Amino acid sequence: MSKVKDMGLASEGRKLLNWAESNMPVLSSIRERFQREKPLSGIRVGVALHLEKKTGILLETLVAGGAEVSAASCNPLTTDDRIAAAVADKINVFAWTGQNEDEYYDCLKLVINSKPQITIDDGCDLIHLLHTKFLDQLSGVIGGCEETTTGIVRLNAMKNDGELKFPVMAVNNAHSKYLFDNRYGTGQSVIEGILSATNMLIAGKTAVVVGYGWCGRGIANRLKGLGAKVIVVESGYLNPDASSGYHRALEATYDGCWVMSMDDAALQGDFFITATGNKHVIGKSHLNVMKNGAILANSGHFNHEIDLGGLNDLSSSKETILTNVQKYYMNNGRHLVLLAEGRLVNLAQPTGQGHPIEIMDGSFGIQALCVEYLAKNGEKMKPDIYDVPNDIDNGVAKIALESQGIFLDELSEEQNQYMKNWKEGT
């Protein structure tokens with residue numbers, strides 16, 4: 001039995017779903033095949049994702065494939081109550097926007113109580129709960145899919161500690177996901193979230209982007225396009241599995257951004273946007289020296305990138321002045337503005353709509369196909385973190401291109417042979 005805010009919102013939610021579906025050719029193609037073949041027949045799927053219109057199309061695609069789906073949100077503020085109501089007739093939905101922490105985790109536990117055989121996570125909360133609170137259910141899990149960078153970080157830590165007990169597909173690491181979702185999706189949706197909440201001008205402002213991974217690149221690029229002066233802050237962290245902070249900082253420099261320490265950037269920014277997946281990258285000492293009226297926003301999965309405890313300690317009072325806009329009156333006589341309670345600014349309801357529809361079409365196309373892959377192969381896979389197979393990754397990009405009337409040339413036989421023959425001269 002679903003638990004949503006208001007089933008009376010279902011008709012409005014269905015209109016939003018219809019609009020999303022009409023602009024999601026990848027999932028539409030997969031859904032047509034799933035309806036014919038029923039590759040997920042009898043499979044229970046547990047989902048923790050931001051429950052908005054694009055997610056709704058993914059969930060209904062899984063149902064079309066024969067799956068029994070239970071879903072909760074992966075963030076207390078990001079459920080679109082209209083969508084939750086609209087899909088609750090086919091799916092067990094346990095979510096509403098504005099949940100407190102206990103309600104949020106209670107809803108995740110209700111999903112786990114459905115005994116999912118395959119999980120879909122954005123941030124690894126379902127997988128974490130299964131490995132810590134519901135150990136008796138681990139043997140029934142075929143595998144999982146992880147949507148975001150933060151979740152992959154948690155999974156790598158679990159794997160390194162020898163605690164990961166079932167195979168997980170690293171959907172976040174697929175080219176068709178991170179090159180577009182993390183860069184173009186985050187870049188557009190974060191700025192939309194900030195503008196929807198504040199209605200302020202970007203041009204001429206100094207924007208500080210903390211973190212220059214794929215999400216940070218996208219945000220910085222869009223800010224520059226709107227006329228902002230962009231400062232990038234990176235760390236000297238040496239990542240053994242990816243480019244280091246030094247490489248990312250050098251790239252930001254060559255991309256035309258100013259690069260400096262957080263101590264220096266804190267004095268200059270009008271907007272601050274965190275995109276690291278790490279903790280307290282904007283700390284108490286930084287908050288204390290910021291300009292009067294500086295705006296703080298987070299695009300990372302969890303709400304700990306900005307030191308909210310430190311912000312409270314430095315403030316005499318705070319007030320909510322607009323939806324998702326809080327003003328903190330600082331002890332030093334200045335004030336700072338926090339958006340979306342330090343949570344995902346691009347998804348916090350009602351001002352955040354999340355990534356553009358076409359972007360999530362590709363990401364969720366990979367999710368649907370990875371669920372199918374696990375249903376077919378998961379029981380033969382050892383506990384580990386797996387890359388998305390190339391045929392799935394390339395296939396999603398191919399469908400997305402062809403839906404726009406773009407068809408690529410194939411290599412001729414002569415060209416194929418040339419690529420294989422190292423003896424032939426140039």
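The values are calculated or read from the model by the stated rules, or taken from the named source; none is laboratory data. Note that the structure is a prediction, hence the values are computed from the model and not measured. Every residue, glycine as well, gets a Cβ built from its backbone with ideal geometry; the counts of neighbours run over all protein chains shown.
Okay, residues lined up against (1) outside the structural domain of N18 (by TED's automatic domain parsing); (2) under 30 Å from D121 (Cβ atoms); (3) under 21 Å from the mean Cα position of the chain (by Cα):
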{"position": "N278", "(1), (2), (3)": "yes, yes, yes"}
{"position": "G300", "(1), (2), (3)": "yes, yes, yes"}
{"position": "I321", "(1), (2), (3)": "yes, no, no"}
{"position": "L338", "(1), (2), (3)": "yes, yes, yes"}
{"position": "A368", "(1), (2), (3)": "no, yes, yes"}
{"position": "D387", "(1), (2), (3)": "no, yes, yes"}
{"position": "I392", "(1), (2), (3)": "no, yes, yes"}
When residues of region 95-122 are limited to those that are among the small types (G, A, S) and at pLDDT 95 or above, the one farthest from C370 (Cα to Cα):
A95
If I399 passes every condition in (1) outside any loop (DSSP other than H, G, I, E, B); (2) under 25 Å from I194 (Cα atoms) but one, which one does it miss?
(2)
One residue from G8, G66, G42, G46 being surrounded by fewer than 20 Cβ atoms within 10 Å (Cβ to Cβ), touching a helix residue (DSSP H, G or I) at 6+ places or on another chain (Cβ under 8 Å), within 30 Å of G395 (Cβ to Cβ) and not polar (S, T, N, Q):
G66
For L336, all conditions in the list (1) in contact with a Cys (Cβ under 9 Å, 6 or more places away or on another chain); (2) in contact (Cβ under 8 Å) with a residue 40 or more places away in the chain hold save one; what is the number of the exception?
(1)
With the structure loaded, tell me whether F407 is over 12 Å from V171 (Cα atoms) and among the aromatic types (F, W, Y) or whether it fails that test.
yes
How about region 1-118: which helices (runs of 4 or more DSSP H) wholly inside it have at least 1 residues that are touching a Ser or Thr at 6+ places or on another chain (Cβ under 7 Å)?
10-21, 25-37, 81-87, 101-113
Which residue out of G309, G352, G293 is out of contact with any Leu (no Cβ under 6 Å at 6 or more places or on another chain) and either part of a helix (DSSP H, G or I) or basic (K, R) (or both)?
G309
Which of the residues that make up region 312-325 are basic (K, R) and assigned to a loop (DSSP other than H, G, I, E, B)?
none
What do you reckon, is G140 modelled with pLDDT under 95, assigned by TED's automatic domain parsing to the domain that holds D384 and small (G, A, S)?
no
So in region 311-337, with the set limited to residues that are closer than 17 Å to T274 by Cβ and in contact with a Lys or Arg (Cβ under 8 Å, 6 or more places away or on another chain), which one is surrounded by the most Cβ atoms within 10 Å (Cβ to Cβ)?
L336
Quick one: is G362 surrounded by 16 or more Cβ atoms within 10 Å (Cβ to Cβ) and either on the phi > 0 side of the Ramachandran plot or in a loop (DSSP other than H, G, I, E, B) (or both)?
no
For region 67-92, how many residues are under 19 Å from Q353 (Cβ atoms) and either at pLDDT 95 or above or outside the structural domain of I127 (by TED's automatic domain parsing) (or both)?
12
